[in-house]
Amino acid sequence: MASSDDTASTPKSPGQSRVVLNTLMMPEHANHFGNVHGGIIMKLADEAAAIAAMRHAQKRAVTVTMDSMTFRQPIQIGDLVTCTAYVTYVSRSSMEVSVVVHAENLLSGQVVHTNSAFLVFVALSDQGRPSAVPPLLLETDADRAEHAKGEARQKARLAQRHN
């Protein structure tokens with residue numbers, strides 16, 4: 001069995017952490033306007049991102065922050081919500097995860113992009129302390145570009161935190 005240090009040193013590609021979470025929106029997901037409540041979508045985005053982070057780290061991971069989430073389109077009861085998440089940037093123990101949310105009207109087949117967000121997670125050891133995660137294996141130009149943008153976003157988050 002590999003030690004956690006061995007696991008943390010083996011690079012993984014963004015594709016290895018990719019998660020697609022599909023959820024049918026039901027009446028209990030509605031707000032008082034009859035659309036899906038924004039908090040439900042934020043919860044689904046956080047769940048998809050957490051799975052991607054844990055898949056990458058192969059450890060427990062906790063949410064540190066969610067960048068702003070703009071609700072571009074309302075989501076209706078009966079829509080299929082798809083959250084696609086994958087790791088875009090890693091440092092020693094933290095991981096940035098991109099989540100893109102789409103809603104599909106199952107009767108018309110129309111799919112709309114409703115939300116996007118970046119979430120940051122920290123991997124935890126069995127003792128509950130921050131723990132090293134595998135480096136990100138950047139195989140494509142798109143992976144490298146997204147990683148560079150993620151690094152810039154993380155620097156901005158850290159600068160904001162220290163102000």
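The angle between the Cα long axis of helix 38-57 and the longest principal axis of the Cα atoms of the chain comes to about 30 degrees, rounded to the nearest 10.
Rounded to whole numbers, the Karplus 3J(HN,Hα) couplings from phi for the range 89-94 are 7, 10, 10, 4, 10, 10 Hz, using 6.51 cos²θ - 1.76 cosθ + 1.60 with θ = phi - 60°, and x at Gly and Pro.
In terms of the mean number of neighbouring beta-carbon atoms within 10 Å, the peptides 47-59, 16-28 order highest first as 47-59, 16-28.
Ignoring lysines fewer than eight residues from K43 along the same chain, the ones with Cα atoms less than 23 angstrom from its Cα are K59.
Please compute the contact order of the range 4-161 in relative form: average sequence separation of alpha-carbon pairs under 8 Å and at least six residues apart, divided by the residue count, as a percent. Here the relative contact order equals 28 percent.
Computed on the Cα trace of the chain, the radius of gyration divided by the Kirkwood hydrodynamic radius gives Rg/Rh = 1.02. The range 48-70 and the range 84-107 have Cα centres lying 8 Å from one another. In a fully extended conformation the segment linking A145 and H113 would gain 9.4 nm over its present Cα-Cα distance, using 0.36 nm per residue.
Each reported figure results from applying straightforward, stated rules to the coordinates on display, with no laboratory input. In this text the structure is predicted, and so the values were computed from the model without any measurement. When we count neighbours, we look across all protein chains shown, and the Cβ atoms used for this are built from the backbone with ideal geometry, even at glycine.
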